[in-house]
1. Could you list, in sequence order, the residues of the stretch B:72-89 that are within 16 Å of DNA strand D (Cβ to nearest atom), without any contact (Cβ under 8 Å) to a residue 40 or more places away in the chain and of a type in the set (Gly, Ala, Ser)?
2. Given the structure, is B:PHE21 among the aromatic types (Phe, Trp, Tyr), more than 14 Å from DNA strand C (Cβ to nearest atom) and within 12 Å of chain A (Cβ to nearest Cβ)?
3. Can you find a residue that is more than 16 Å from DNA strand C (Cβ to nearest atom), more than 14 Å from every other protein chain (Cβ to nearest Cβ) and part of a helix (DSSP H, G or I) anywhere in the stretch B:28-40?
4. Tell me which residues, restricted to the stretch B:47-65, are surrounded by fewer than 18 Cβ atoms within 10 Å (Cβ to Cβ), within 12 Å of DNA strand C (Cβ to nearest atom), assigned to a helix (DSSP H, G or I) and not charged (D, E, K, R).
5. Which of the residues that make up the stretch A:23-54 are farther than 19 Å from A:PRO7 by Cβ and within 15 Å of DNA strand D (Cβ to nearest atom)?
6. Do any helices (runs of 4 or more DSSP H) lying entirely in the stretch B:90-189 carry at least 3 residues that are touching a Pro at 6+ places or on another chain (Cβ under 8 Å), and which ones are they?
7. Within the stretch A:66-86, how many residues turn out to be facing chain B (nearest Cβ under 9 Å) and either within 13 Å of the chain's Cα centre (by Cα) or part of a helix (DSSP H, G or I) (or both)?
8. With the requirement that a residue be near DNA strand C (Cβ under 9 Å from one of its atoms) and in contact with a Lys or Arg (Cβ under 7 Å, 6 or more places away or on another chain), what does the stretch A:66-75 give you?
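The values are calculated or read from the model by the stated rules, or taken from the named source; none is laboratory data. It should be emphasised that the depicted structure is a prediction, and the values quoted were computed from it without experimental measurement. Because the Cβ atoms are built from the backbone with ideal geometry, glycine has one as well, and the counts that use them run over all protein chains shown.
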There are 2 protein chains.
Amino acid sequence: MAHHFSPIKFDDNGHIRDSVFSILRNAILDKKLEPGQRLVERTIAEQMGISRTPVREAINKLILERLVTHIPRKGVVVSGFTKADIVEILFIRTSLEALICSIAANKIKPRELKRLESLAKQISDEHGKGNLKKSNQLNDKFHEIIYRSAESPRVYSFLNTLHEYISKFTQVAYSKPGRPEEVWVEHNAIIEALRKHDSSAAEVAAKSHAENSCKAYLEMAFLADDIKP
Amino acid sequence: MAHHFSPIKFDDNGHIRDSVFSILRNAILDKKLEPGQRLVERTIAEQMGISRTPVREAINKLILERLVTHIPRKGVVVSGFTKADIVEILFIRTSLEALICSIAANKIKPRELKRLESLAKQISDEHGKGNLKKSNQLNDKFHEIIYRSAESPRVYSFLNTLHEYISKFTQVAYSKPGRPEEVWVEHNAIIEALRKHDSSAAEVAAKSHAENSCKAYLEMAFLADDIKP
DNA sequence: TTTTGGAATATGGTATACCAAAAACCTTGC
DNA sequence: GCAAGGTTTTTGGTATACCATATTCCAAAA
């Protein structure tokens, strides 16, 4: 049924609207708020013990991120994620990862390449040891380094947003037999392309890597079928 | 110097914040507000004869679109477009056009294909006649049809946002010798791939088309050098 | 019983008020 | 004249008040 929000804690020095935004965002991604459910400014504000203003601003941001939908003369409702939505998001990520990697190939510094090499090895190790959580964290770092080295703020922030969605989907750590080895090979292909500053090769390698991890995820997800159609 | 905003007209039945958003957005894209200039809520609200609230909401949306930057304890300032920004935006568009086209290949209907063929022909005609404005309009429609047929709301709306930026840059109609013929060939390559529902081919064709038009624009723009470095 | 008119309510949009923090400015002592 | 410190102003963040519209529900009349 309807989710109840706790009064907000004012400990943090950040802005209330940001706290509200995170809370609502997580509630939606964690499915504590069901799709179709209405978000009523006044109610949320009262439950959190704050005024409507920061709630409004948080909701506006959610609308921009398409996590909720504004229906005129109705209010905002939580928008559900269909399979098609997830596939679309994964496609976008694939596309932008390829882009950012091709850009990075022209800008990456030796220091960053060293770091990537080291991370790829660690990822492989941890993955091999079955330490999926750690391996995922390192994997995020791996991609983060590439993202940063491209110095493309728009692609960067967009990818990060997408990544948060995706990591919510994939929160259940998964592992497909043989995937760790593939990942190792794919990461090295990316590093190799970056080292040669070959942007086309980097693009191809990143795309292929993203597509494979996408495929691996979809197989898992739709076998598990924990996503509503 | 400082730009002065006129009192808002309440004729339209839409929301004030949307009017404010458009006004500010256009002012920035049309360079009526110079980069670095501060946007002060109270001032704008007074000039427009409205309260701060809708101005705030409009500014928040501008921040999300990166047209202005929020500097903590400083306020929001108009963010300038550097060459790097423009290149980044063009790259993103290229990447997403390729994506949406590859998706469209799996979903496009015969009716839409017919429409594309007819448009490609018209575009070529108008372009040949030197009627650049008309040709650009038709070109927009051409891409719009592809966008829609992909049924990918996120990519679609993102591309539209990007497109608005880009069309502001390219408002000065431009034409490169030989480009009309190339466009005709490229459009037909896209149509052909879509007809065969060959998503890889569609992706390649769209990417190549976007890259070429991007290249043509950059050559023009940076010869003209009407963009600040 | 059904329909219709209207009042009560719910809700979002906008305006205004208040507050804290930072910046700018002014005062005062040297 | 200049620097240090305090005071005023500016500005954004938040709270609250007000308003318009749409929905709901109830009552009265056909």
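1. If we filter the stretch B:72-89 for residues that are within 16 Å of DNA strand D (Cβ to nearest atom), which is where we start, we get B:72-79.
When the remaining residues are screened for being without any contact (Cβ under 8 Å) to a residue 40 or more places away in the chain, the result is B:72-76.
If the condition is that a residue be within 16 Å of DNA strand D (Cβ to nearest atom), without any contact (Cβ under 8 Å) to a residue 40 or more places away in the chain and of a type in the set (Gly, Ala, Ser), then B:GLY75 is the only one that fits.
2. On the way: among the aromatic types (Phe, Trp, Tyr): yes; more than 14 Å from DNA strand C (Cβ to nearest atom): no; within 12 Å of chain A (Cβ to nearest Cβ): yes.
Answer is no for this residue.
3. yes
4. Going through the stretch B:47-65, the residues surrounded by fewer than 18 Cβ atoms within 10 Å (Cβ to Cβ) turn out to be B:47, B:49, B:51-53, B:63-65.
Filter once more, so that each one left must be within 12 Å of DNA strand C (Cβ to nearest atom): B:49, B:51-53.
Within this subset, residues satisfying the condition of being assigned to a helix (DSSP H, G or I) are B:52-53.
Correct list: B:THR53 only.
5. Going residue by residue through the stretch A:23-54, those that are farther than 19 Å from A:PRO7 by Cβ are A:28-31, A:34-38.
The answer is A:GLY36, A:ARG38.
6. Values: elements: B:110-128, B:132-149, B:153-169.
Answer list for the stretch B:90-189: B:110-128.
7. Of the stretch A:66-86, the ones facing chain B (nearest Cβ under 9 Å) are A:66, A:84-85.
Checking which are either within 13 Å of the chain's Cα centre (by Cα) or part of a helix (DSSP H, G or I) (or both) leaves us with A:84-85.
Here the count works out to 2.
8. Once the filter is applied, which keeps residues that are near DNA strand C (Cβ under 9 Å from one of its atoms) and in contact with a Lys or Arg (Cβ under 7 Å, 6 or more places away or on another chain), the stretch A:66-75 yields only A:GLY75.
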